[in-house]
1. Measure out, as a whole number of angstrom, how far apart the alpha-carbon centroids of the range 139-165 and the range 20-44 sit.
2. Can you pull the Kirkwood radius for the chain, inverse mean 1/r over Cα pairs, to one decimal in Å?
3. How big is the charge dipole of the chain about its Cα centre, in debye rounded to the nearest 20, if each Lys and Arg gets +1 on its Cβ and each Asp and Glu gets -1 on its Cβ?
4. Between exposed GluC sites (Glu not before Pro) in the chain, where DSSP calls loop and at most 16 other Cβ atoms lie within 10 Å, what's the longest gap?
5. Determine which lysines satisfy two conditions relative to Lys115: a Cα distance under 21 Å, and not lying fewer than 8 residues away in the same chain.
6. Given a Förster radius of 35 Å and the C-beta distance between Val170 and Thr98 as r, what FRET efficiency does 1/(1 + (r/R0)^6) yield to the nearest 0.05?
7. Which of the chymotrypsin sites (Phe, Trp or Tyr not before Pro) across the range 117-171 are loop residues per DSSP, with 13 or fewer other Cβ within 10 Å?
8. Using the Kirkwood formula on the Cα atoms of the range 80-132, what hydrodynamic radius do you get, in angstrom to one decimal?
Amino acid sequence: MKALLGRKLGMTQIFDQESGEVWPVTVLQLGPCPVVQVKRQPTDGYEAVQIGYGEVRASLVNLPTRGHFKKASVVPRRHLREFRVADASAYEVGQELTVELFKEVGLVDIIGVSKGRGFQGGTKRHGFHRGPKTHGSRSYRQPGSIGQHSNPGHVFRGLRMAGRMGNSQVTVRNVDVRAVDTENNLLLVGGSVPGARNALVYVRATSKGGA
């Protein structure tokens with residue numbers, strides 16, 4: 001498994017000189033991510049690699065986490081994540097992972113937190129159809145009845161209603177890798193990516209992408 005932490009910089013477009021097509025792409029800045037801990041089957045019960053990302057002042061990191069970074073001889077990082085691997089022996093504590101990992105990868109999965117939209121009604125949140133605007137109706141965007149008959153006599157669990165929209169973890173799978181800029185640690189992927197600008201993203205190679 002090849003994986004990195006990074007942030008979303010924004011969207012742009014690139015031109016394919018051969019076909020003459022214009023591709024909308026999202027620019028991601030990935031890494032460099034130092035390896036903070038390597039977990040092995042005999043000692044931890046599973047194979048995994050823990051990586052850090054993002055600069056942060058040491059004073060903003062609590063003492064247990066600061067000691068965790070000190071043990072690995074790594075400068076404290078703002079974000080700390082781990083990903084499973086088949087064999088963690090290929091990684092070493094202190095090793096720096098860069099976007100060069102994705103140079104031979106064709107497809108990736110991207111995990112991020114979607115933009116928070118606040119409290120929204122059913123029309124915006126779930127795409128409900130609006131009501132009639134004629135014959136005296138005033139229920140333009142109000143939801144219909146949510147009640148039942150005397151049997152079962154209650155509102156079903158999970159019924160789509162107004163509520164908080166967005167700000168939830170979203171995984172986009174099998175995203176095309178359009179370009180890799182190792183000099184600036186940039187990865188250009190096709191289409192959109194969940195999250196606002198500068199939002200944290202977790203990128204991993206898919207099983208089809210050469211992981």
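Readers should treat all values here as calculations from the given coordinates under stated rules, not as data from a laboratory. No experiment lies behind these values; they were computed from the predicted model shown. Glycine also receives a Cβ, built like all others from the backbone with ideal geometry; neighbour counts cover every protein chain displayed.
1. 42 Å
2. 20.4 Å
3. 1600 debye
4. 105-182
5. In chain and number order, the partners are Lys8, Lys124.
6. So the FRET efficiency works out to roughly 0.90.
7. Of the chymotrypsin sites (Phe, Trp or Tyr not before Pro), the ones in loops of the range 117-171 whose Cβ has at most 13 other Cβ atoms within 10 Å are Tyr140, Phe156.
8. Answer for the range 80-132: a Kirkwood hydrodynamic radius of 16.4 Å.
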